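Only one structure is covered here, and it is reproduced in the block below.
The values are calculated or read from the model by the stated rules, or taken from the named source; none is laboratory data. Keep in mind the model is a prediction, meaning the values are calculated, not measured. When we count neighbours, we look across all protein chains shown, and the Cβ atoms used for this are built from the backbone with ideal geometry, even at glycine. All accessible areas refer to the heavy atoms of the entire protein, side chains included, with ligands and DNA or RNA removed. Shrake-Rupley method; radii C 1.70, N 1.55, O 1.52, S 1.80 Å.
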Amino acid sequence: MDKNIAIAIDGPAAAGKSTVAKRVAKALGFTYIDTGAMYRAVTNAVIKRGLNPQDEGQSEMVMQGLSIDLLPDGRVICNGEDVTQVIREPLVSGNVSYIASYKNIRLALVEMQRKMAESKSVVMDGRDIGTYVLPNAQVKIYQIASVETRAVRRYEENLSKGIPTSYKDVEDDVRKRDYIDSHRDFAPLKPAMDSVLLDTSYMSIDEAVDAVLKVVKDKTGAERIC
């Protein structure tokens, strides 16, 4: 491939973006970048230091010298610590949208994300990848699903990982995150003008992945290698 390709997959919480993005990246032989995990890692760092994640000034304090590494095997390392599991727990999930709304934190993480995408073909998912992080991405997908579908998916995911939760709490969290993400002042959640809408409410994972791969092939010519 002569030119690096960037695929941006945006959408609301629990729409299945990460699952689809991972599968698409693997099928194409691209690098997967989980931006949501990066915001979760910052959220966990704030909580771990005993700071208030709903206080912008306090939260920004953890960014000094912060390091985040996304490993090929899916592990997330923050300041040398494996935080892969803890960043998926309810306390982090319930506060990550606050952290993601803070401009200086977003600017710092966006700089990291853009550097990751400079030298290789990537699949990156998040809330503002196509509109802000990678506005020149060749492929932009805006992946949605109904609130109920997304709540069920997140609830079942939590149970499979042994994370204690209730469906009502998960649904409330999804609705809260939708509101915060779409109403924040800086880089709010919204589809890019040139994005392709993909409603996965009634799609299996395989169907969603195939739909994205078709868009990629139509727009770039890149095809699955595995």
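Details
- Candidate residues Ser121, Ser146, Ser160: accessible-area rank, largest first, probe 1.4 Å: Ser160, Ser146, Ser121
- The HN-Hα couplings worked out from phi for the range 100-112 by the Karplus form 6.51 cos²θ - 1.76 cosθ + 1.60 (θ = phi - 60°) are 6, 8, 8, 4, 5, 5, 4, 4, 5, 6, 4, 4, 4 Hz, whole numbers, x standing for Gly and Pro.
- Rg over Rh for the range 170-226 works out to 1.09, using Cα positions for both radii and the Kirkwood form for Rh.
- Per residue, the average separation of C-alpha pairs within less than 8 Å and at least 6 apart gives the range 1-130 a relative contact order of 46 percent.
- Taking Cα atoms only, the orientation of helix 205-220 departs from the longest principal axis of the chain by about 60 degrees.
- Accessible area per residue in Å² at 1.4 Å probe, computed on the range 72-226: 52 Å²
- Restricted to Cα atoms, the range 115-194 shows a radius of gyration and a Dmax of 15.2, 43 angstrom.
- When each of Lys120/Lys168; Lys22/Lys115; Lys26/Lys103; Lys103/Lys219; Lys48/Lys115; Lys17/Lys219 is checked by Cα-Cα distance, pairs over 29 Å: Lys120/Lys168; Lys26/Lys103; Lys103/Lys219
- Accessible area in square angstrom per residue, the range 1-63, 1.4 angstrom probe: 39 Å²
- Stokes-Einstein D (µm²/s) once Rh is taken as the Kirkwood radius of the range 26-74 over alpha-carbon pairs, at 37 °C in 0.692 mPa s: 267 µm²/s
- Loop-located chymotrypsin sites (Phe, Trp or Tyr not before Pro) across the range 178-214 with a Cβ neighbour count of 13 or fewer within 10 Å are Tyr202, with loop assigned by DSSP.
- For the chain, excluding the exposed loop sites themselves (GluC sites (Glu not before Pro), DSSP loop, at most 12 other Cβ atoms within 10 Å), the longest remaining stretch covers 1-117.
- Each Lys and Arg contributes +1 and each Asp and Glu -1, all at the Cβ; summed about the Cα centre of the chain, the dipole is approximately 260 debye.
- Angle in degrees between helix 17-28 and the longest Cα principal axis of the chain, rounded to the nearest 10: 40 degrees
- Fraction of accessible area attributable to carbon and sulfur, the range 134-197 (%, probe 1.4 Å): 57 percent
- Computed with the Debye formula from one identical point scatterer per Cα of the range 86-152, without solvent, the log10 of I(q)/I(0) at q = 0.21, 0.23, 0.27, 0.28 Å⁻¹ comes to -1.09, -1.16, -1.22, -1.23.
- Hydrodynamic radius of the range 2-102 per Kirkwood, over alpha carbon pairs, in Å: 14.6 Å
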